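Enquirer: There's a structure below that I have some questions on.
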Amino acid sequence: MKTNIKGLFLAGLAAMAVGCTNLDVDVDSQYTEYPTNDIAVEAKMADIYYHFSGVLGRRYMEQMCLSSDEYSAASFGGGWYDGGAYAHPALHNYTYEDATLDWFGTITEGISKANKAIVDLGGSEAGAAIAPARAIRAYFHWIIMDGWGDVPILDRIPEDGETIDRKPRAEVAKWIESELLAAIPDLTEEVSANTYGKPTKWMAKALLAKLYINWPVYTASAVENYDAATAKNEKLADCITQCNDIINSGKFNLGSMSYREKFSYNNGPQVEDFIYAMPFDTQTRQGMQYGRSRCWKNIKKMAKSYFGEALSQSGGGYITMTPEFVKKTFILKGDERNKCVIGLSENFDDYRYVEGKDENKVFVYNKSNLQMTNEIALTEGAGSDPIVLKVNVKLATPDDPTLDMGDNINGYSQGCRSVKWYVIDDDFKNGRNQSNDVPLFRYADVLLMKAEALTRQGQGGAKELFNQIRTYAGAPTINGEPTLEEIYDERGREFFDENWRRNDMIRFGHYEDEYFPHYKNFPTARFEKTCRIFPIHKDILNLNPTWKQNAGY
């Protein structure tokens with residue numbers, strides 16, 4: 001699958017020897033000057049482009065989705081508790097030992113690789129040769145700044161033994177802005193299979209727009225001082241400019257394929273909505289394992305799974321959907337996005353959540369076209385009971401901090417499940433490594449960011465952008481200009497399960513809301529605003545003894 005990226009990936013397998021948790025980089029090379037032939041340069045750059053794939057494929061995803069209202073963690077009689085790695089983010093009760101937070105060093109390793117490439121390819125005067133590395137370096141800084149607040153600005157190779165101090169979040173945001181603005185003129189405008197998965201001018205502009213729409217979050221005097229109700233965003237016009245440049249380029253559109261196909265096992269450069277994506281392949285670029293965590297726990301026992309075929313491997317099932325998110329999001333008649341979730345309804349002809357129907361059988365999908373069929377999924381083989389998913393999630397024992405649902409069919413059936421990242425056995429049997437590429441920036445996001453910026457400025461024009469999304473998805477259009485809350489809810493529908501919900505919740509002022517199991521009467525749930533960013537993992541603190549832990553941890 002995705003043969004267009006296999007050759008580049010294989011060329012880039014010779015990764016540079018860089019410590020994954022050390023901010024220092026060995027500048028020595030076996031070459032006095034780095035070879036400048038196309039193959040050598042592509043191999044070096046590929047190692048940087050795809051450095052994020054391993055983290056994105058699991059741990060980043062777990063931390064982002066579980067800390068949002070989309071998902072709750074689930075354990076089963078002690079299985080999949082894993083020291084609280086998943087329960088802690090679901091409760092905002094993070095600790096500095098959580099496995100879902102152990103990737104700060106991996107991202108800084110990617111920054112180090114980018115710095116090494118910039119030096120090898122000619123340094124700051126190299127222009128177009130180093131622009132992609134600068135864009136990726138800025139993106140990696142954005143990832144850690146968004147998650148941890150104050151982070152170091154790693155814009156050069158440190159001296160031996162040098163410690164790099166963390167910088168205020170606002171300073172990091174401004175540096176990211178300056179880097180992107182400097183790199184954009186030298187980045188390619190090409191959009192093709194050849195540039196798929198690589199930084200382009202449009203990727204950098206999408207990241208700038210994302211930076212600008214969150215500007216008051218990132219530049220607040222302290223993370224807890226951001227107030228969505230009163231914050232003023234001085235960068236809204238700049239956000240609109242970046243969105244307009246992408247829209248007016250004519251390079252992207254919502255696409256000719258269905259919504260579900262965009263996230264399929266055979267997606268790729270043909271998805272016209274993808275501005276920047278991470279390519280995965282079950283053989284050549286492994287690590288994408290979203291299906292494993294979202295599967296019904298006993299999926300291996302099903303003679304025919306709801307994916308339309310038997311699966312060779314078991315499911316983890318440790319990520320389930322919260323009732324609050326389901327009940328406010330998947331309710332629009334005719335909305336194709338509803339069919340990315342199982343357990344919403346038993347009404348095949350009008351598939352959406354309807355208040356009061358909280359236990360539903362599961363339909364089987366057709367693997368060849370991803371369409372939902374009216375066949376009912378059974379727990380095992382012929383004659384077994386149907387799977388019945390329960391929208392309202394319940395713990396086996398109330399207030400259990402391990403979030404144990406029970407190691408039985410009832411426990412496995414707590415909560416609706418996402419099938420957005422469609423699973424096929426050819427991939428799943430290979431260590432559960434899927435070939436679904438993961439979009440990092442989409443054209444649909446550009447449309448809704450512009451709509452949001454216009455609405456925050458009190459300008460018209462958001463309705464047309466908003467209705468482009470609704471029309472494409474087959475959902476009812478709106479008659480007037482959308483409110484900010486309507487835009488927030490629409491972002492939940494369009495980008496659910498794409499790692500954006502936490503980011504949106506903080507910006508719109510909903511991160512401290514109540515949603516299962518993040519309730520104020522739950523003994524281990526936290527609601528302090530300092531929880532908007534994460535604790536620095538103990539391994540990073542041990543390597544950087546002058547750093548202080550983030551406030552509240």
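Enquirer: Which of the residues spanning the range 205-243 are surrounded by fewer than 22 Cβ atoms within 10 Å (Cβ to Cβ), assigned to a helix (DSSP H, G or I) and polar (S, T, N, Q)?
Expert: Those that are surrounded by fewer than 22 Cβ atoms within 10 Å (Cβ to Cβ), assigned to a helix (DSSP H, G or I) and polar (S, T, N, Q): Asn225, Thr241.
Enquirer: Identify, from the list Tyr139, Tyr94, the residue that is open to solvent by less than 50 Å² (accessible area, probe 1.4 Å), touching a Pro at 6+ places or on another chain (Cβ under 7 Å) and within 27 Å of Phe441 (Cβ to Cβ). Step through it out loud before you land on a result.
Expert: Working: Tyr139 fails: touching a Pro at 6+ places or on another chain (Cβ under 7 Å).
Of the residues listed, the single one that is open to solvent by less than 50 Å² (accessible area, probe 1.4 Å), touching a Pro at 6+ places or on another chain (Cβ under 7 Å) and within 27 Å of Phe441 (Cβ to Cβ) is Tyr94.
Enquirer: Hey, among the residues in the range 508-550 that are more than 25 Å from the chain's Cα centre (by Cα) and open to solvent by 60 Å² or more (accessible area, probe 1.4 Å), which one's farthest from Asp400 (Cα to Cα)?
Expert: Only one residue fits best here, namely Thr546.
Enquirer: Within the bounds of the range 102-115, is there any residue that is surrounded by 24 or more Cβ atoms within 10 Å (Cβ to Cβ), more than 23 Å from Ala182 (Cβ to Cβ) and acidic (Asp, Glu)?
Expert: For the range 102-115, residues surrounded by 24 or more Cβ atoms within 10 Å (Cβ to Cβ), more than 23 Å from Ala182 (Cβ to Cβ) and acidic (Asp, Glu): absent.
Enquirer: Consider Phe428 against the criteria (1) at pLDDT 95 or above; (2) open to solvent by less than 50 Å² (accessible area, probe 1.4 Å): it satisfies all of them except one. Which criterion is unmet?
Expert: Phe428 satisfies every listed condition except (1).
Enquirer: Checking the conditions here, which among Glu261, Glu272, Glu177 is closer than 30 Å to Gly552 by Cα, touching a residue at least 12 places away in the same chain (Cβ under 8 Å), of a type in the set (D, E, K, R) and open to solvent by 10 Å² or more (accessible area, probe 1.4 Å)?
Expert: On the way: Glu261 fails: closer than 30 Å to Gly552 by Cα; Glu272 fails: closer than 30 Å to Gly552 by Cα.
Residue meeting the stated conditions: Glu177.
Enquirer: Can you give me the number of residues within the range 471-497 that are part of a helix (DSSP H, G or I), free of Cβ contacts under 8 Å to residues at least 24 places away in the same chain and more than 21 Å from the chain's Cα centre (by Cα)? Lay out the reasoning, then the answer.
Expert: Quick first cut of the range 471-497, residues part of a helix (DSSP H, G or I) only: 471-473, 484-495.
Still in the list and also free of Cβ contacts under 8 Å to residues at least 24 places away in the same chain: 471, 485-486, 488.
So of that shortlist, the ones also more than 21 Å from the chain's Cα centre (by Cα) come out as 471, 485-486.
Qualifying residue count, the range 471-497: 3.
Enquirer: In the range 70-87, what residues are under 21 Å from Tyr515 (Cβ atoms) and either open to solvent by 30 Å² or more (accessible area, probe 1.4 Å) or acidic (Asp, Glu) (or both)?
Expert: Selection gives Glu70, Trp80, Tyr81.
Enquirer: Limited to the range 186-204, what total is found for residues that are among the aromatic types (Phe, Trp, Tyr) and either over 23 Å from the mean Cα position of the chain (by Cα) or crowded, with 23+ Cβ neighbours inside 10 Å (or both)? Talk me through it step by step, then tell me what you get.
Expert: To start, the set of residues in the range 186-204 that are among the aromatic types (Phe, Trp, Tyr) comprises 196, 202.
Right, trim to either over 23 Å from the mean Cα position of the chain (by Cα) or crowded, with 23+ Cβ neighbours inside 10 Å (or both) and you get 202.
Result for the range 186-204: 1.
Enquirer: Are any of the residues in the range 442-451 open to solvent by 10 Å² or more (accessible area, probe 1.4 Å), assigned to a helix (DSSP H, G or I) and among the charged types (D, E, K, R)? It would help to see each step written out before you state the result.
Expert: Let us first name the residues in the range 442-451 that are open to solvent by 10 Å² or more (accessible area, probe 1.4 Å), namely 443, 450.
Subsequent filtering for residues that are assigned to a helix (DSSP H, G or I) retains 443, 450.
Filter again for among the charged types (D, E, K, R), leaving 450.
There is at least one residue in the range 442-451 that is open to solvent by 10 Å² or more (accessible area, probe 1.4 Å), assigned to a helix (DSSP H, G or I) and among the charged types (D, E, K, R).
Enquirer: Check Asn369, Asn360, Asn392 and return the single one that is without any contact (Cβ under 8 Å) to a residue 12 or more places away in the chain and under 22 Å from Arg493 (Cα atoms). If you could, list the steps in order and put the result at the bottom.
Expert: Numbers: Asn360 fails: without any contact (Cβ under 8 Å) to a residue 12 or more places away in the chain; Asn392 fails: without any contact (Cβ under 8 Å) to a residue 12 or more places away in the chain.
Only one candidate qualifies: Asn369.
Enquirer: Now a separate question. Kindly evaluate Arg285 against the criterion of being surrounded by 16 or more Cβ atoms within 10 Å (Cβ to Cβ) and under 30 Å from Ile387 (Cβ atoms).
Expert: Values: surrounded by 16 or more Cβ atoms within 10 Å (Cβ to Cβ): yes; under 30 Å from Ile387 (Cβ atoms): no.
The answer is no for Arg285.
Enquirer: Here is a further query. Select from the range 395-411 the residues that are of a type in the set (D, E, K, R) and surrounded by fewer than 16 Cβ atoms within 10 Å (Cβ to Cβ) and list them in ascending order.
Expert: Kept after step one, since they are of a type in the set (D, E, K, R), are these residues of the range 395-411: 399-400, 404, 407.
Within the range 395-411, Asp399 is the sole residue that qualifies.
The values are calculated or read from the model by the stated rules, or taken from the named source; none is laboratory data. Small disclaimer: the values here were computed from a predicted structure and weren't measured. Positions of Cβ are generated from backbone atoms using ideal geometry, with glycine treated the same way; all protein chains shown enter the neighbour counts. When the accessible area is computed, the model is the full protein with side chains, heavy atoms only, and any ligands, DNA or RNA have been set aside. Shrake-Rupley method; radii C 1.70, N 1.55, O 1.52, S 1.80 Å.
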